[in-house]
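Have a look at the structure below, then the notes.
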Amino acid sequence: FLFVSVLLDTEECGACGPGFASPLDAMKGKSQEIVYVPCIYRNTGTKQPDFLATVDVNPKSPRYCQVIHRLPMPNVGDELHHSGWNACSSCFGDATKKRNRLILPSLISSRIYVVDVGTDPRAPRLFKVVNSEDVFWKCSLGYPHTSHCLGSGEIMISTLGDPAGNGKGGFILLDGETFEIKGNWETGDKIPPMGYDFWYQPRHNVLISTEWGIPKCLGYGFDPNDLRKGRYGRRLNVWDWTTRTYIQAIDVGEDAAPLEIRFLHNPAAAEGFVGCTISSAIHRFYKTERGDWAAEKVIQVPSKKVEGWLLPDMPGFITDILISLDDRFLYFSNWLHGDVRQYDISDTRKPKLVGQVFVGGSVTKGGPVTVCRDEELQSQPEPFVIQGKRVPGGPQMIQLSLDGKRLYVTTSLYSAWDRQFYPDLIKDGSVMLQLDVDTAQGGLTVNESFLVDFGKEPGGPCLAHEIRYPGGDCTSDIWV
């Protein structure tokens, strides 16, 4: 790590460029007062554009837990999903760069929105629209997902497929000033069959990407038969960072569907973790003594034997993972089982469960699902109720405060899958919750005073997804 203890946040190190000198410096940054959350209307029956919500998370504010601003997109049916920055800690030291634009790819329409969050952070405004035709014609890609800024000042966005909805794991490169498409990041003839998330680490000359599934299949919901037909991902794909070529595939299992991938934040570390959704496993990936990369399963969430559900075995369905900035804790959500977990990863090969809390899910008492055999629980969890509201859905996207003491949670995965697995989520809208974290011994508890109910939106109930901090966070900043 690089240590510049006097540089605590972007406001105090204006001459140094965006972000923080090191992950540990980031932990000393100012507490978040607002967060940005994309909200989706696609598949809800409401014919309105998705919007970017600004949520007040300052406990001292009179508008605490309220949506204080909504920025609607100019089109209907985009399916906003994940977001990233025009500049982050990878550009630290470059005084010409500012973290003032939020990049919002649309998973279904393939448009890319650039949002001005610098002029008025509490009231973002639309800055530019990159049309889907440009994505299709200039890159032969579609279904953009993860956006990361690069140390060069450019912006890189991974994709799930090609313009026709077939699987294709490529990357879009945007100019960091004009936000025009420069073309594909990748070079050479070899391309992975699918794409999804990615993380890069220049010190080890590597980028590793993951695979969800074929867009035109998963876009209509989850069909278990698609697993046997090879329509869901099973590989971690390793790229040479310098030559931008695809060099290795790591197979993590037919039923894996590896989604979110996180290197440890220490830029010298040659390891990290990936969450496999359908197999409900966490794999540690690492650089071997030979110089290539490998993976080993270090956590397995047991399936539950059930009646009254799609299949006789219900997986936990790990959908989001993150690592605290000090590389001490790993967190993930089980969207179907309904719990959020905290693991001590001081020994990365032997994660230790130290915190767990249920905030919804498909196996609560009184619901349509009966659990016949459970390797972990003695009885089905009680329905999750907060401030008088029974929360539909299960924990999905998570975001950790810089100091590691607050974990924010939203409950929508993807509108077509929300509609299939949690119809009440479509009807009632999703929520945003906050869990208090014990950073000394480990432990998670629900903050009963925090609830953002997106079922009460003026335009009707909507689906809130990823959570992003204006000053950067542990899932958007990469140290190089």
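Things worth noting here:
- Residue list for segment 436-454, filter: surrounded by 22 or more Cβ atoms within 10 Å (Cβ to Cβ) and in contact with a Pro (Cβ under 9 Å, 6 or more places away or on another chain): Phe454
- The single residue among Gly367, Gly355, Gly291, Gly308 that is open to solvent by less than 70 Å² (accessible area, probe 1.4 Å), modelled with pLDDT under 95 and more than 21 Å from His465 (Cα to Cα) turns out to be Gly367.
- Residue in segment 139-150 that is among the aromatic types (Phe, Trp, Tyr), surrounded by 23 or more Cβ atoms within 10 Å (Cβ to Cβ) and touching a residue at least 12 places away in the same chain (Cβ under 8 Å) present: yes
- Residue that is nearest to Trp212 (Cα to Cα) [pool: residues in segment 95-110 that are out of contact with any Pro (no Cβ under 8 Å at 6 or more places or on another chain) and open to solvent by 10 Å² or more (accessible area, probe 1.4 Å)]: Ile108
- From Glu457, Glu382, residue being more than 18 Å from Asn58 (Cβ to Cβ), over 22 Å from the mean Cα position of the chain (by Cα) and open to solvent by 20 Å² or more (accessible area, probe 1.4 Å): Glu382
- For segment 195-227, residues that are among the β-branched types (Val, Ile, Thr), more than 18 Å from the chain's Cα centre (by Cα) and part of a loop (DSSP other than H, G, I, E, B) total 1.
- Residue check, Asp403 part of a helix (DSSP H, G or I) and over 27 Å from Pro144 (Cα atoms): no
- Inter-residue pairs, beta-carbon under 7 Å, first farther than 30 Å from Tyr220 by Cβ and in segment 76-96, second of a type in the set (Val, Ile, Thr), 6+ apart: Trp85/Ile103; Asn86/Ile103; Asn86/Ile155; Cys88/Ile478; Ser89/Ile478; Ser90/Ile478; Ser90/Val480
- Sole residue being touching a residue at least 24 places away in the same chain (Cβ under 8 Å) and more than 21 Å from Leu259 (Cβ to Cβ), chosen from Lys350, Lys365: Lys350
- Residue list for segment 159-185, filter: open to solvent by less than 10 Å² (accessible area, probe 1.4 Å) and out of contact with any Leu (no Cβ under 9 Å at 6 or more places or on another chain): Gly165, Leu174, Phe179
- Number of the exception - Val431 against (1) more than 20 Å from Val357 (Cβ to Cβ); (2) open to solvent by less than 10 Å² (accessible area, probe 1.4 Å); (3) in contact with a Lys or Arg (Cβ under 8 Å, 6 or more places away or on another chain): (1)
- Subset tally (residues that are open to solvent by less than 50 Å² (accessible area, probe 1.4 Å), at pLDDT 95 or above and in contact with a Pro (Cβ under 9 Å, 6 or more places away or on another chain)) for segment 30-55: 12
- Residue tally, condition out of contact with any Ser or Thr (no Cβ under 8 Å at 6 or more places or on another chain), crowded, with 17+ Cβ neighbours inside 10 Å, not hydrophobic (A, V, I, L, M, F, W, C) and not in a strand (DSSP E or B), over segment 266-288: 3
- Residue check, Tyr200 of a type outside the set (Lys, Arg), open to solvent by less than 10 Å² (accessible area, probe 1.4 Å) and in contact (Cβ under 8 Å) with a residue 24 or more places away in the chain: yes
- Qualifying positions in segment 148-184 - part of a loop (DSSP other than H, G, I, E, B) and under 19 Å from Leu107 (Cβ atoms): Asp162, Pro163, Ala164, Gly165, Asn166, Lys168, Gly169, Gly170, Phe179
- Filtered by the rule that a residue be farther than 20 Å from Asp320 by Cα and of a type in the set (Lys, Arg), segment 412-470 gives Lys427, Lys456.
- Each residue in segment 234-256 was checked for being outside any strand (DSSP E or B), at pLDDT 95 or above and buried (at least 21 other Cβ atoms within 10 Å of the Cβ), and 2 of them qualify.
- Of the criteria (1) in a loop (DSSP other than H, G, I, E, B); (2) farther than 19 Å from Glu457 by Cα; (3) modelled with pLDDT of 95 or more; (4) open to solvent by less than 10 Å² (accessible area, probe 1.4 Å), which one Gly19 fails: (3)
- Verdict on Gly169 being small (Gly, Ala, Ser) and more than 30 Å from Gly291 (Cβ to Cβ): no
The values are calculated or read from the model by the stated rules, or taken from the named source; none is laboratory data. A quick note: this is a predicted structure, and the numbers were derived from the prediction, not measured. Neighbour counts run over all protein chains shown; Cβ positions are idealised from the backbone, glycine included. To get the accessible areas, we keep the full protein, side chains included, count just its heavy atoms, and leave off ligands, DNA and RNA. Shrake-Rupley method; radii C 1.70, N 1.55, O 1.52, S 1.80 Å.
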